[in-house]
Amino acid sequence: MVDAPGRTASKVRAQPSIWSCRAHRPTAMRTRSHSPTTRARGDSWPSGDTPMSVHPKKTAPRRTARCDDAPPDALLHGIDEFNQQEFFEQHETLEGIWIHEPDAVRYLYQGILQVGVGFYHWRRGNWRGAVAKLGHGLAKLEPYRPSCMTIDVERLVLETAALREELERRGPADLPAFPPPGLPRVHRITSRV
């Protein structure tokens, strides 16, 4: 392939997948967001005000009053997809609500999403991605124990942590077949203690 007379095209690195555990953005993308509500560093808004970003300022996962609310329909749909082992689909569903949620409960959504992505990696034989994403998901879910939005977070954390420990113990050369017996599901609780 030629990009100019007498010159060969430079190698172009393929865009990493959303499922890539160690995806690196090209340098040009590191300083700009794809969100239409943000500006490149140094640019100002014409009015001087900055609109609320689609990606609110990062905060640490923490318990929130929203845990007492009923779960949104999209969360329930994502949980159904998770429980049916439709991990790609649950990623798409939960990402849609996680990205737009301004409250810290967003990390509950992201934690469930990341556990599902960890199982997706495991299914595809990617030990490293499975261990990493399961760990990220567990860290996000921790503050929401024992339950949040009628979700039994305690059970999901305990069951997922046990599987992650087993994966770490066995290592990449001895990755168990997927799905393992007792693959965690997201359970809802019917009454609060």
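The numbers here are math on the coordinates, done by the rules we state, and not lab data. From a predicted model like this one, the values you see are computed outputs, not experimental measurements. Glycine also receives a Cβ, built like all others from the backbone with ideal geometry; neighbour counts cover every protein chain displayed.
The slack between residue 183 and residue 154, meaning 0.36 nm per residue of separation minus the straight C-alpha distance, is 8.9 nm.
Take every pair of alpha-carbon atoms less than 8 Å apart whose residues are at least six positions apart; their mean separation over the length of the stretch 73-174 yields a relative contact order of 20 percent. Once the Cβ-Cβ distance of residue 66 and residue 123 is raised to the sixth power relative to R0 = 30 Å, the FRET efficiency obtained is 0.45.
Sorted largest first, the principal axis extents computed over the alpha-carbon atoms of the stretch 73-174 equal 40, 26, 21 Å. Taking 7 Å steps out from each Cα toward its Cβ at residue 103 and residue 168 produces label points 3.2 nm apart.
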